[in-house]
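Participant: Handing you a structure now.
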Amino acid sequence: MSDEHASLFATATAQFNRGADLVGLSDDLRCIMSQPKNEIIVNFPVLMDDGTYRVFRGYRIQHNNLLGPFKGGMRFSPLVNLDEVKALASWMTWKSALCDIPFGGAKGGITFNPWDHSPGELERIVRRFTHSLSTNIGPDHDIPAPDMGSNAQSMVWMMDTYANSTGASERQNVKRIVTGKTLETGGSPGREKATGQGVVFCLQHWADEVGFDLSSATVAIQGWGNVGSATGRILQVHGAKVLAVSDHAGAIGDSEGIDAFELTDWVQEHGSVKGYPKADAIDPADLWSTDVDILIPAALENQVTSENAGSIKAQVVVEAANGPTTLEAETILTERGIDILPDILVNAGGVVVSYFEWLQNRSAQRWDIDDVDFKLREILWSASDAVVAVRQELGIASRRDAAYAVALRRLEQVYQQRGIFP
């Protein structure tokens with residue numbers, strides 16, 4: 001099997017074991033944390049527009065809730081499967097622990113293509129899925145959020161379905177059942193750009209650490225969805241130039257720079273970067289070898305592989321996506337002296353601002369965007385500081401291994417204090 005088709009959970013497990021080795025995690029705790037606590041699979045019928053019924057399969061993997069409620073997105077994609085969702089759920093556990101927020105890790109999704117369905121069908125699919133999950137989710141138990149293929153509207157449907165399944169006196173108290181909602185229904189300012197904003201905060205920390213001038217940086221970004229486009233726009237404001245972009249339908253490049261704001265408008269209207277008139281079409285495979293300072297995979301997993309890692313010219317690979325780098329590719333990049341900013345740190349902005357939204361809902365408050373950005377930067381800066389400190393303490397080069405070491409030490413300490421019941 002080529003590494004781009006490697007098991008994502010196997011990759012996640014290998015990364016976990018490297019971190020566990022570093023901190024000397026006991027065999028008992030390694031065993032407990034190596035598998036999800038719960039694996040929930042539901043098959044549910046939904047009425048289609050043509051009057052027929054179709055059965056959909058949905059997942060909710062609850063990996064760990066030692067530090068707080070299970071937390072993680074809901075992915076809508078034909079590629080959603082048990083292996084993928086288990087990996088994504090485990091990464092959520094490590095992200096929350098690394099950022100020192102009181103959440104655990106979970107992930108879920110439905111195996112279908114949301115673009116193949118009308119708004120009415122989408123609403124029925126989401127509501128029926130939420131109903132099928134029943135008490136497996138809850139505002140202090142397991143809190144979903146948007147992910148690839150889902151959005152704020154999906155979360156509002158989930159919230160409303162859940163609220164209407166509770167007692168009348170509780171309906172105003174359960175808005176925090178999901179995060180990533182629209183502002184009008186209890187969402188947080190800054191949630192839409194949160195992951196991209198977090199990517200840039202982590203990049204700023206790296207730049208300060210290694211003496212790199214972010215304002216003169218050149219960038220290539222794979223994926224121009226919510227995360228990739230927000231990252232590109234924020235970097236452009238900082239003075240960086242985006243030279244190449246690719247997505248599911250095509251790729252573009254311009255040595256003078258692509259306007260991230262104009263490209264975002266184009267994609268919102270046309271659905272892809274393909275055909276963007278102010279840049280040249282390029283082969284998507286050529287994105288990896290573009291001569292840039294910073295390469296940002298912000299799409300799917302297993303994208304940086306043994307096939308393309310050798311052609312990467314960037315000084316740093318910034319994992320805005322979950323699991324974009326295969327184990328083989330990581331070895332190649334490390335041997336070539338290319339820095340890797342790991343996903344469990346770099347893309348944690350989404351779960352951090354989800355935590356802020358949850359807090360706001362609990363206290364019936366609305367923070368302003370400056371407060372959200374300031375608090376987000378503080379948390380990611382502290383997490384990045386912790387990674388740097390552990391790298392120095394343990395004398396290791398890998399930022400990923402150091403990030404796992406920070407997360408696992410925090411979990412280990414709580415397990416030791418609480419014990420295993422009964």
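Participant: With r defined as the distance between the Cβ atoms of Gln392 and Asp50 and R0 fixed at 56 Å, what FRET efficiency is calculated, to the nearest 0.05? Present the calculation step by step, with values, prior to reporting the outcome.
Facilitator: Details: r = 62 Å, r/R0 = 1.11.
Approximately 0.35, to the nearest 0.05.
Participant: Most fluctuating residue of Val318, Val388, Val227 in a GNM of the chain with Cα springs under 10 Å: which is it?
Facilitator: Val388
Participant: A follow-up question, please. Report, in order of residue number, the helices in the chain meeting two criteria: a C-alpha extent of 27 Å or more along the helix axis, and a mean Kyte-Doolittle hydropathy of at least 0.0; treat each whole DSSP H run as one helix. Kindly include the intermediate steps, with their values, before the conclusion.
Facilitator: Working: long enough: 369-394 (37 Å, 0.21); 399-418 (29 Å, -0.97).
Span-like helices, by this rule, are 369-394.
Participant: Next question, about the same structure. Need one number: % antiparallel among DSSP beta bridges in the chain, to the nearest 5. It would help to have the intermediate numbers written out before the result.
Facilitator: Values: 22 of 46 bridges.
In the chain, DSSP labels about 50 percent of beta bridges as antiparallel.
Participant: Over the chain, with a Gaussian network built from C-alpha contacts below 10 Å, which listed residue (Leu88, Leu29, Leu411) shows the highest mean-square fluctuation?
Facilitator: Most flexible of the set in this elastic network: Leu29.
Participant: Which residue, Thr182, Thr290, Thr166, has the most motion in a Gaussian network model of the chain that connects Cα atoms within less than 10 Å?
Facilitator: Evaluated over the chain, the most mobile residue of the options is Thr166.
Participant: Also, quick follow-up: Which percent of Cα-Cα pairs in the stretch 194-346 sits in each 10 Å bin, short to long?
Facilitator: Per 10 Å bin, starting at 0, the Cα pair percentages come out as 12, 47, 35, 6, 0.
Participant: Additional query: Go ahead and estimate [θ] at 222 nm for the chain from helices alone: -39,500 (n - 2.57) per DSSP H run with n ≥ 4, summed, over the residue count, rounded to 500. Can you show the working numbers first?
Facilitator: On the way: 13 runs with 181 residues, N = 422.
Rounded to the nearest 500, the figure is -14000 deg cm²/dmol.
Participant: Once the convex hull of the alpha carbons of the stretch 72-144 is built, what does its volume come to per residue, in cubic angstrom?
Facilitator: Values: hull volume 6.8 nm³, N = 73.
Spread over its residues, the Cα hull of the stretch 72-144 gives 93 Å³ apiece.
Participant: Okay, next question. Give the dimensionless ratio obtained when the Cα radius of gyration of the chain is divided by 2.2 N^0.38 Å. Intermediate values should be presented prior to the final figure.
Facilitator: On the way: Rg = 20.7 Å, N = 422, 2.2 N^0.38 = 21.9 Å.
Ratio of Rg to 2.2 N^0.38 Å for the chain: 0.95.
Participant: Roughly how many whole Å is it from the C-alpha centroid of the stretch 76-150 to that of the stretch 333-352?
Facilitator: Each part's Cα centre sits 23 Å from the other's.
Participant: Only Cα pairs under 8 Å and at least 6 apart count here; give the relative contact order of the stretch 317-370 as a rounded whole percent.
Facilitator: Values: 30 pairs, mean separation 20.2, N = 54.
Over the stretch 317-370, the number comes to 37 percent.
Participant: Given charges of +1 on the Cβ of Lys and Arg and -1 on the Cβ of Asp and Glu, with all other atoms neutral, how large is the dipole of the stretch 36-185 about its Cα centre, in debye to the nearest 20?
Facilitator: It works out to roughly 280 debye.
Participant: Would you please state the base-10 log of I(q)/I(0) at q = 0.21 1/Å for the stretch 1-129, with intensities from the Debye formula using one equal scatterer on every alpha carbon?
Facilitator: Here the Debye-derived log intensity ratios amount to -1.16.
Participant: Multiplying the sequence separation of Ser363 and Asp116 by 0.36 nm and subtracting their Cα-Cα distance, what value in nm do you get? Mind showing how you got there, number by number?
Facilitator: Numbers: separation 247, 0.36 × 247 = 88.92 nm, distance 3.86 nm.
Computed gain between Ser363 and Asp116 is 85.1 nm.
Participant: So how much slack lies between Thr13 and Glu170, counting 0.36 nm per residue of separation and subtracting their Cα-Cα distance, in nm? Don't skip to the end; give the middle numbers.
Facilitator: Details: separation 157, 0.36 × 157 = 56.52 nm, distance 3.95 nm.
Taking 0.36 nm per residue and subtracting the Cα distance, the gain is 52.6 nm.
Participant: Give the relative contact order (percent, whole number) for the chain; include only Cα pairs under 8 Å separated by 6+ residues.
Facilitator: Numbers: 864 pairs, mean separation 71.7, N = 422.
This gives 17 percent for the chain.
Participant: Still on this structure: What share of the DSSP beta bridges in the stretch 194-346 is antiparallel, in percent to the nearest 5? Display every interim value, and only then the final one.
Facilitator: Working: 5 of 20 bridges.
Restricted to the stretch 194-346, the bridges split so that about 25 percent are antiparallel.
Participant: Further question: Using a cut-off of 13 Å between alpha-carbon atoms, which aspartates and glutamates can reach Lys241, once sequence neighbours fewer than 8 places away in the same chain are excluded?
Facilitator: The reachable aspartates and glutamates, counting only those whose Cα sits under 13 Å from Lys241, are Asp213, Asp254, Glu256, Asp259, Asp291, Asp293.
Participant: For the stretch 312-365, max minus min Cα coordinate along each principal axis, in Å, sorted largest first?
Facilitator: 50, 19, 12
Participant: Mind checking Rg over Rh on the stretch 51-191, alpha carbons, Kirkwood formula for Rh? Provide the component values of the computation, followed by the final result.
Facilitator: Details: Rg = 14.5 Å, Rh = 15.2 Å.
Here Rg/Rh amounts to 0.95.
Participant: Note down the relative contact order for the stretch 36-185 as a percent, whole number, built from C-alpha pairs under 8 angstrom at least six residues apart.
Facilitator: Numbers: 320 pairs, mean separation 35.6, N = 150.
In percent, rounded to a whole number, it is 24.
Participant: Further question on the same structure: Rounded to the nearest 5, what % of DSSP beta bridges with both residues in the stretch 36-185 are antiparallel? Write out the running numbers ahead of the final one.
Facilitator: Numbers: 17 of 26 bridges.
Counting only bridges with both partners in the stretch 36-185, antiparallel ones make up about 65 percent.
Participant: Next up: Take every Cα-Cα pair in the stretch 55-114 and report what % of them are more than 14 Å apart. List each step's numbers first, then the result.
Facilitator: Working: 864 of 1770 pairs.
The proportion of pairs with Cα distances above 14 Å equals 49 percent.
Participant: Once the Cα gyration tensor of the stretch 290-422 is found, what semi-axes does its equivalent ellipsoid get, as square roots of 5 times the eigenvalues, in whole Å, sorted largest first?
Facilitator: 30, 21, 14
Participant: Another question about this same structure. Gap in Å between the Cα centre of the stretch 277-293 and the Cα centre of the stretch 362-422?
Facilitator: Each part reduced to its Cα centre gives a spacing of 35 Å.
Participant: On the Cα set of the stretch 383-422, report Rg and Dmax in Å, please.
Facilitator: Over the stretch 383-422's Cα set, Rg and Dmax evaluate to 12.2, 40 Å.
Read-outs: derived from the displayed coordinates by stated rules, not from any lab. Here the structure is a predicted model, which means the values were calculated and not measured. Cβ sites come from the backbone with ideal geometry, for glycine too, and all protein chains shown count toward neighbours.
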